[in-house]
1. Could you check, for the range 702-725, whether at least one of its residues is without any contact (Cβ under 8 Å) to a residue 40 or more places away in the chain, surrounded by fewer than 17 Cβ atoms within 10 Å (Cβ to Cβ) and either hydrophobic (A, V, I, L, M, F, W, C) or in a loop (DSSP other than H, G, I, E, B) (or both)?
2. I'd like the full set of residues that are of a type in the set (Val, Ile, Thr), more than 16 Å from the chain's Cα centre (by Cα) and either outside the structural domain of Glu186 (by TED's automatic domain parsing) or in a strand (DSSP E or B) (or both), limited to the range 310-367.
3. Does the range 83-103 hold any residues that are out of contact with any strand residue (DSSP E or B) (no Cβ under 7 Å at 6 or more places or on another chain) and closer than 22 Å to Gly158 by Cα, and which are they?
4. Assess whether Arg364 counts as being of a type outside the set (Phe, Trp, Tyr) and modelled with pLDDT of 95 or more.
5. Residues that are of a type in the set (Gly, Ala, Ser): list the strands (runs of 3 or more DSSP E) wholly contained in the range 413-495 that include at least 2 such residues.
6. Residues of the range 746-765 being at pLDDT 95 or above and not in a helix (DSSP H, G or I), which ones?
7. Quick check on the range 677-692. Is at least one of its residues assigned to a helix (DSSP H, G or I) and either in the same structural domain as His46 (by TED's automatic domain parsing) or not polar (S, T, N, Q) (or both)?
Amino acid sequence: MDKFGKSQPITRLEDQRFLTGFGKYIDDIAPADALHAFVFRSPIAHGVITNLDVSNARESEGVAAVITAADLIAAGISMDLEGTVVKNRDGSDGAKPPRPLLATDRVRHVGEPVAMIIADTMQQARDAAELIEFDYDELPVQLALAPGDTDIHAEAPGNLAFDWEMGDAEKTQAEFDKAAHVVKLEVGDNRVIVNSIEPRGCYAEFDGERLHVAMNAQGVWAHWNRLSQMLNMPKDNIRVTNPDTGGGFGMKAMAYPEVYVLAHAAMTLGRPVRWMSDRTEAMLTDNAGRDLVSWAEFAFDADHRIQAYRVHTDCNMGAYNSQYAQPIQTQLFSRVLMGTYDVQATYLSVKGYYTNTTQVDAYRGAGRPEAIYVLERLMDRAARELGVDLWELHHKNFIPVDKFPYKTTTGETYDVGDFSRVLNHAETACDRAGFGSRKSASEAAGKLRGQGLCFYIESILGDPSESARVEFNDDGTVCIFVGTQSNGQGHETVYAKFLSDQTGIPLDKIIVVQGDSDLIKQGGGTGGSRSVTVQNNATLATVDKMIESFTLYLADKMGVAAEDISFDDETFRATGSNLTPTLLEAAEMAREDGRDDLLIQEARATLEARSFPNGAHVAEVEIDPETGKTVVDRYVVVDDFGNLINPLLAEGQVHGGVAQGLGQALCEHVVYDEDGQLLTATFMDYAMPRAVDMPFVKFETEPVPSTANIMGMKGCGEAGTVGAMAAVANAVQDALWDRGVTQADMPFTPHRVWQMLNDAPKAAE
């Protein structure tokens, strides 16, 4: 791996413009003369529309248009947003009710878009919305993850979206029948709102021939295809761009109605139109995350080795299928169902239910945090019920090193792993030996202290293929065009540094170009921890092609045979030649010789297989029993990310992921009332983690290079979240166990923890 040994933890290049106010976000770059869009939304969770009269709004001052579903249908716009479905256990497809761009005959959640008002100013658009006559007959609101009295969709009787299974039920049951010990646990995974620092937004402009849509998304290509399909326009007549994007976390990867309605408005009016969500609007309409309940059980033999694992999950779809909602808690959950444990009898069954709430989809980790959370909560419970050491229980059940590559029961092939080595490193890093004295000190101060362990594994997801194009410019700079999309991860730094390391091109000469369908015709976007691994794999393929092309060209210049020329990642060299050109110098030679064909190099590459990041998270919490306040006092992460391209950026990803997992564990929680009204629709009501809530996160690595790619990398974008929830939850459970609390579920708000302590019988009594 000497080829990749030069990468160092350099600071993020893009931060200079972000921190000095020169970032270019949607609201910064929308055309100055753009009209403003405001979305009129349903005030109720469930009802039949009896009247929608927008005539007064259309006559209001400054209003250019008021668009309803009827207008879209009349214009030939496709009304149904796509949603992937899974196969039910009987072989049929999961339910696929239509999800209209604008409500037609019925509304199914508070905030569902009903009409879009376009006006000269935002205030005029808001004022016009007040003039809309909207009448409805309310229907019973369905919130339970169970068959309801009223069907939300005719296509889903009993509100059942799907009934899915994976695994060998009979084989698994046989192991349970002969088990020496069975351990069971119900595990809730609370709904959260993504709350990216920049809400969703977009603008559209039309010059009479071509449509340009700019959006703060996680890639342009899926949206490019969808716009073509929904608007019935050739793709060549559409350009989609992503400017700087302030966070995505899966939520901004998906399709939303506003983009298509806005595009139609711009084409109809011949004026640019802009829209930006406000925070409450985002909370009402952005795809939510998590929201499921699982019942999990282990079958152990007499030696405490897991023989079988069985899980049933009920999960919330919200009112509609979002783009990948059905696969999240089924197919993606199953990717790491059995985690790092050597078990060959598993069974997973999942039911999805529609409710009168905002749709649910991918949120940082997309199914893998949910799976690991259930698994590691059950491991913690098993150690308690069996009376064995939790850490030793992990070691005993880990997949042995000599079993790799290891095929799991759900069809994944883990290429490499040394989980015991990672866990041993974590034991030292967290000073497990000193926990007893820290616990005694907390007790002396009237506090409860607990330690929680989570050992996770996750899978990188998404398209394993990606392209890279390198162009040598007249001014001596070099552009690298990439098919992923940064949402704040530091891609401009890591891609430029990687190209520089492999070619010797000075870092300050490299420009990373992303997010433009006119410039980059194909790309997989960002999601599933794929970006750096897949994109750098494509960059390597491009560099190899580039070196080969320039070597053939330089043979005549250097007066040697091509096979005698070598490239040392900085210069071309050959015995018998005094010429030692760099790539930039070789490019300038080619330009002078009219060899423009050498100045653009492009290749596409496909990863051989997925990689599987893994690691140990160890959290320590201190709880004030008088108030229920929980403080995460210590936090240690030891990850196996394989070879790191930029350790500093990897650590930043872990810190961010831990913050999001910790937020869900401690304070984030979505609450609807019985009428389906969102009670947590502002930051006054929805608690986000603050700096004071974050402990110092000690981050160390124990790399086992992946064999699934030439770089030996494993993705790191979502790993922090995958491990954080169970680590914190298990720490809280540990602190409360001796006080008689045997069921501790997120979020661990002061009131909930105080209630747990006061409702539980004290073990000492």
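1. Taking the range 702-725 and keeping what is without any contact (Cβ under 8 Å) to a residue 40 or more places away in the chain, we get none.
No, that holds for no residue.
2. Once the filter is applied, which keeps residues that are of a type in the set (Val, Ile, Thr), more than 16 Å from the chain's Cα centre (by Cα) and either outside the structural domain of Glu186 (by TED's automatic domain parsing) or in a strand (DSSP E or B) (or both), the range 310-367 yields Val311, Thr313, Thr346, Val350.
3. Of all residues in the range 83-103, those out of contact with any strand residue (DSSP E or B) (no Cβ under 7 Å at 6 or more places or on another chain) come to 83-84, 90-92, 96-97, 101.
Matches in the range 83-103: Gly83, Thr84, Asp90, Gly91, Ser92, Lys96, Pro97.
4. no
5. Values: elements: 448-457, 465-472, 478-482.
It comes to 448-457, 465-472.
6. Scanning the range 746-765 gives Met746, Pro747, Phe748, Thr749.
7. Taking the range 677-692 as the starting set, the residues that turn out to be assigned to a helix (DSSP H, G or I) are 691-692.
Applying the additional criterion that residues be either in the same structural domain as His46 (by TED's automatic domain parsing) or not polar (S, T, N, Q) (or both) yields 691-692.
Yes.
Yes or no, residue by residue, for (1) free of Cβ contacts under 8 Å to residues at least 40 places away in the same chain; (2) touching a Leu at 6+ places or on another chain (Cβ under 6 Å); (3) assigned by TED's automatic domain parsing to the domain that holds Ser486; (4) surrounded by 19 or more Cβ atoms within 10 Å (Cβ to Cβ):
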| residue | (1), (2), (3), (4) |
| --- | --- |
| Val183 | no, no, no, yes |
| Glu186 | no, no, no, no |
| Ala204 | no, yes, no, yes |
| Glu209 | yes, no, no, no |
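The values are calculated or read from the model by the stated rules, or taken from the named source; none is laboratory data. All figures in this text were calculated on a predicted structure; none of them were measured in a lab. Methodologically, a virtual Cβ is constructed for each residue, glycine included, from the backbone with ideal geometry; neighbour enumeration extends over all protein chains shown.
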